[in-house]
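Accompanying notes for the structure given below.
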Amino acid sequence: FPVTIRKYDTASTDQQIPGFFVTGDNVTVIDNPVFDLTTATGMFSFSGMLGLYGVRSAENTIFFSDIGNPGYFPFPNNVEDFDGEVLKVINYLGMLLVVTNKAFYLISGSGTVAQLTKKKILDNLDITQIDADNIRVIKDQLFFKSGSIYYVLKPNAYSSDGTDLRNYEISTPITP
């Protein structure tokens, strides 16, 4: 087979690359998924980019726009994937706190998505959508509920690392 390149889905842009041929055994079909970003259930702004989450069939993914261009979402470059459904994204102390149904992540840094750092800070959580909607930030403290227990997440007073956060239980379950 001769190798042909095409711009988007426009057949009139087909160009054969001279001198390149492949056999049927070497052909791979690349299937790029198409996501309907209008189905997003949440949005945020960070580091000059617009972010969307809760997109149908990509519930574990955050989509970032191009820097300074909130209408363009370069895929697959400007995405972050997580191990659970993204329920909420919160701007917290100059970083992003990403709440999934299983864990909390911090995204820090600036510039392009490739330059950002993702760090899992809490795991083994049981967060529902209602619990995520009721998360509250007061100054540098973040209050949330997981399962039947309330917690506060706040910076470690003994560390200069801004991503070093400590989690404290502030309630105990009520038993009959």
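The values are calculated or read from the model by the stated rules, or taken from the named source; none is laboratory data. Worth saying up front: this structure is predicted, and the values here are computed from it rather than measured. With ideal geometry, Cβ positions are generated from the backbone for all residues, glycine too; neighbour counts draw on all protein chains shown. For accessibility, only protein heavy atoms count, side chains too; no ligands or nucleic acids. Shrake-Rupley method; radii C 1.70, N 1.55, O 1.52, S 1.80 Å.
Applying the selection to the range 76-118, what residues are in contact with a helix residue (DSSP H, G or I) (Cβ under 6 Å, 6 or more places away or on another chain), assigned to a loop (DSSP other than H, G, I, E, B) and closer than 18 Å to T163 by Cα?
We begin by selecting, within the range 76-118, every residue in contact with a helix residue (DSSP H, G or I) (Cβ under 6 Å, 6 or more places away or on another chain); these are 78, 87-88, 99, 109.
If we keep only those that are assigned to a loop (DSSP other than H, G, I, E, B) as well, we get 78, 109.
Residue satisfying the conditions is G109 alone.
As a summary of the residue check, P176 satisfies the conditions (1) at pLDDT below 90; (2) part of a strand (DSSP E or B) except for the one numbered (2).
If you filter the range 48-81 down to residues that are surrounded by fewer than 19 Cβ atoms within 10 Å (Cβ to Cβ) and among the small types (G, A, S), you find that the one that is farthest from A132 (Cα to Cα) is G68. Residues that are within 24 Å of G68 (Cβ to Cβ) and open to solvent by 10 Å² or more (accessible area, probe 1.4 Å) within the range 82-112 comprise V89, I90, N91, L93, G94, M95, S108, G109, S110, G111, T112, listed in sequence order.
Residues that are under 16 Å from L165 (Cβ atoms) and crowded, with 19+ Cβ neighbours inside 10 Å within the range 128-138 comprise just one, I135.
Evaluate the range 125-140: report whether one residue or more is basic (K, R) and part of a loop (DSSP other than H, G, I, E, B). First the steps, then the outcome.
Step one: list which residues in the range 125-140 are basic (K, R), which gives 136, 139.
Restricting the remaining residues to those that are part of a loop (DSSP other than H, G, I, E, B) gives 139.
Yes, there is a match, as at least one residue in the range 125-140 is basic (K, R) and part of a loop (DSSP other than H, G, I, E, B).
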